[in-house]
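Please read the structure below before turning to the comments.
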Amino acid sequence: MDESKITQQVQVAVPQVTQQDFINLNAQKLGSYRWPKGAIESIDPRKLRLVYLWGNRYKGKAEGAWSAKVDGSPKITVNNQEVNIKDGTPYSGSFPEADFDILVINDNQATPEWARKFCKIGFESDNFQPQSYVSASGGVIEGDNSGNPHSAWMKYGNEIVDNYLLPLANDMSKNTAVAYVALDIIPLEVIQQSMSIFNRQDFNSRDVAVTSRNSVTEDPIPVLIPFYVLEYQFEGQTYYMAMMADKKGLVNCKVPGERGTGKSPEQIVEEEMPDKIKQVKIMKWGWILAIVALFVVNFTVAVVCLIAWAAGYWFMKKQINDRIKEILDQDTIESKKTADLLRKQLTK
């Protein structure tokens, strides 16, 4: 894009993370991959770039609801009686009208491959500079601002706002007072009388989701949004690591490696030790013999059978659990080695 066409009114979002953050985060996330021999060595860290993509800044208001499930099995006391809440119990609530200020990159034919995933994600920034900042920061401008600059917002606007509101929904769903009201366990007026107590507690939740209604209240304005990108070649194919340069530090990567073996430690053990797995499944019900012995023979024989079963079952389970732990420990060691090698390569 010809920089002479960029007006001085274009805002430039300032990166909120550094190149070192990019290196650390990618080493951490990609350390668990099984890289082919020579793949990491093919990465040239000198090609790491600060890239600004065209987008728009959207300001507006949103309101909606959140839903979640209870994580764990908490116990609470209501009117001097203990109440058990079952794990996975669904509950929900609403949140008041909230302002949003989101930057969204363009989604058109000129959007680079590495940036496609980011079309659905909003960039958050409160620090903007004029267009001249791009050169001063050592960055380059890519993409295109032609066509319909609002196509990404038109396609993904609701999803982008929902993701923006998700941290708020997470906080609200964990608030004990909100959860108790949503579960209809304690009347709202009781909670209001003891709000300071309830707000000092957390109610663990999972599977938090948001459904919002939103509206843009100001005309969108052009903006340039920063990313860190490192592209490299391996065996004739192009790969990349890309990171959105706001505080979320979201990463999008295309790498030649695979994430682990695709099998859990338990699945690996089942393939390695099928006979022992089968024996454990059979022995699981061995306590029934002790019950039979109690009625057929006597109590002493039943106790002996129960002790023998427990010892044998524990020993066989221990062999399986020890092997699972060994696999997990080995994976941790290998991941650390790969992460260290990747970090070393990226800092050459």
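The values are calculated or read from the model by the stated rules, or taken from the named source; none is laboratory data. Just so it is clear, the structure is predicted and the values come from calculations on it, not from any experiment. Here the Cβ is made from the backbone with ideal geometry for all residues, glycine too, and neighbour counts use every protein chain on show. Heads up: the accessible areas ignore ligands, DNA and RNA and are worked out on the full protein's heavy atoms, side chains in. Shrake-Rupley method; radii C 1.70, N 1.55, O 1.52, S 1.80 Å.
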ask   = How about region 251-272: which of its residues are closer than 23 Å to I43 by Cα, buried (at least 16 other Cβ atoms within 10 Å of the Cβ) and either at pLDDT 90 or above or of a type in the set (A, V, I, L, M, F, W, C) (or both)?
value = V251, N252, C253, V255
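Take the residues in region 32-67 that are among the charged types (D, E, K, R) and open to solvent by less than 50 Å² (accessible area, probe 1.4 Å), then tell me which one is nearest to L250 (Cα to Cα). Write out each step before concluding.
Applying the first criterion (among the charged types (D, E, K, R)) to region 32-67 yields 34, 37, 41, 44, 46-47, 49, 57, 59, 61, 63.
Of the ones still in play, those that are also open to solvent by less than 50 Å² (accessible area, probe 1.4 Å) are 44, 57.
Numbers: D44: 22, R57: 19 Å.
Within region 32-67, the match that is nearest to L250 (Cα to Cα) is R57.
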inquiry  = If D275 meets every condition in (1) touching a Lys or Arg at 6+ places or on another chain (Cβ under 6 Å); (2) open to solvent by 80 Å² or more (accessible area, probe 1.4 Å) apart from one, which number is that one?
reply    = (1)
remark   = Residues in region 68-107 that are open to solvent by less than 30 Å² (accessible area, probe 1.4 Å), touching a helix residue (DSSP H, G or I) at 6+ places or on another chain (Cβ under 8 Å) and not aromatic (F, W, Y) total 10
ask   = T338 passes all but one of (1) in contact (Cβ under 8 Å) with a residue 60 or more places away in the chain; (2) open to solvent by 50 Å² or more (accessible area, probe 1.4 Å); (3) assigned to a helix (DSSP H, G or I); which number fails?
value = (2)
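Examine region 285-301 for a residue that is surrounded by fewer than 17 Cβ atoms within 10 Å (Cβ to Cβ) and either at pLDDT 80 or above or basic (K, R) (or both), and state whether such a residue exists.
Looking only at region 285-301, we keep the residues that are surrounded by fewer than 17 Cβ atoms within 10 Å (Cβ to Cβ), and these are 285-289, 291-292, 294-301.
Restricting the remaining residues to those that are either at pLDDT 80 or above or basic (K, R) (or both) gives none.
Checked against the condition, which is being surrounded by fewer than 17 Cβ atoms within 10 Å (Cβ to Cβ) and either at pLDDT 80 or above or basic (K, R) (or both), region 285-301 yields no hits at all.
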key: Which listed residue, of K29, K117, is touching a Cys at 6+ places or on another chain (Cβ under 8 Å), closer than 18 Å to G249 by Cβ and open to solvent by 10 Å² or more (accessible area, probe 1.4 Å)   = K29
remark   = Filtering region 82-96 for residues that are of a type in the set (A, V, I, L, M, F, W, C) and farther than 25 Å from D162 by Cβ leaves a count of 2
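Looking for whichever is in contact with a Lys or Arg (Cβ under 8 Å, 6 or more places away or on another chain), among the aliphatic types (A, V, I, L, M) and under 16 Å from V12 (Cβ atoms) here; the options are V140, V134. Which one fits? Spell out how you get there, then give the answer.
Values: V134 fails: in contact with a Lys or Arg (Cβ under 8 Å, 6 or more places away or on another chain).
V140 is the lone residue from the list that is in contact with a Lys or Arg (Cβ under 8 Å, 6 or more places away or on another chain), among the aliphatic types (A, V, I, L, M) and under 16 Å from V12 (Cβ atoms).
Conditions tested, residue by residue: (1) in contact with a Cys (Cβ under 8 Å, 6 or more places away or on another chain); (2) free of Cβ contacts under 8 Å to residues at least 40 places away in the same chain; (3) among the hydrophobic types (A, V, I, L, M, F, W, C).
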{"site": "S137", "(1), (2), (3)": "no, no, no"}
{"site": "E142", "(1), (2), (3)": "no, no, no"}
{"site": "A152", "(1), (2), (3)": "yes, no, yes"}
{"site": "N158", "(1), (2), (3)": "no, no, no"}
{"site": "L165", "(1), (2), (3)": "no, no, yes"}
{"site": "D171", "(1), (2), (3)": "no, yes, no"}
key: Tally of residues being open to solvent by 70 Å² or more (accessible area, probe 1.4 Å) and either assigned to a loop (DSSP other than H, G, I, E, B) or at pLDDT 80 or above (or both) across region 169-200   = 5
remark   = Checked against (1) touching a Leu at 6+ places or on another chain (Cβ under 7 Å); (2) part of a helix (DSSP H, G or I), G138 satisfies every condition except (2)
